[in-house]
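Where a number appears in this text, it was derived from the coordinates with a stated rule and is not lab data. What you are looking at is a predicted structure, and each value in this text was computed from that prediction instead of being measured. Cβ coordinates were reconstructed from backbone atoms using ideal geometry, including for glycine residues, and neighbour counts include every protein chain displayed.
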Amino acid sequence: MSDYFDLAEIALRIIEKSMSKSKKRLSFSKSEKARIKKIQKNRCKACGKKSNVLDIDHIDGNSSNNSLDNAQALCPNCHAKKTRTIKQKKLKLSQAVRYLKGLLKE
Ligand SMILES: [Zn+2]
């Protein structure tokens, strides 16, 4: 049984680490944004629609990872969809954390 507790503890640590908010929240510079849009020819990376209004999104959701490999231009519609999905995933993770904490208390 103690093996399960060890596993739960390890899982809890991994989940909490992945959920911890990064201290630095950076955004891409104007020139970086322009470059990304130019690379994508002003098209949304997700749906391919051409748009004058494109948001620059962090692909991995980590706003302190400002490498250009981590950037993509999304139309507001796709950006909102992606943000919603991430929020749902975080909600599930926080439910898992609560469950695991409950296990560890027993
Ligand atoms: Zn789109």
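At-a-glance table
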item	result
Which of 36, 76, 53, positive extreme of dipole for the chain (C-beta unit charges)	53
Estimated [θ] at 222 nm from DSSP helical runs (n ≥ 4, -39500 (n - 2.57)) normalised by residues in the chain, nearest 500	-18500 deg cm²/dmol
Semi-axes of the equivalent ellipsoid for the chain, Cα gyration tensor, largest first, Å	37, 14, 9
Summed residue charge, Cβ within 13 Å of residue 36's Cβ, Lys/Arg positive, Asp/Glu negative	+4
Residues of the stretch 59-88 with amide N under 19 Å of the 7 Å Cα→Cβ point at residue 43	71-79
Exceeding the 26 Å Cα-Cα cut-off - candidates 17/87; 50/90; 17/49; 30/81; 17/45; 81/101	50/90; 17/49; 17/45; 81/101
Of the DSSP H helices in the chain, those whose Cα atoms cover at least 18 Å axially and whose Kyte score averages 0.0 or more	2-19
Segment residue 11-residue 91, extension gain: residue separation times 0.36 nm, minus the distance between their alpha carbons	27.2 nm
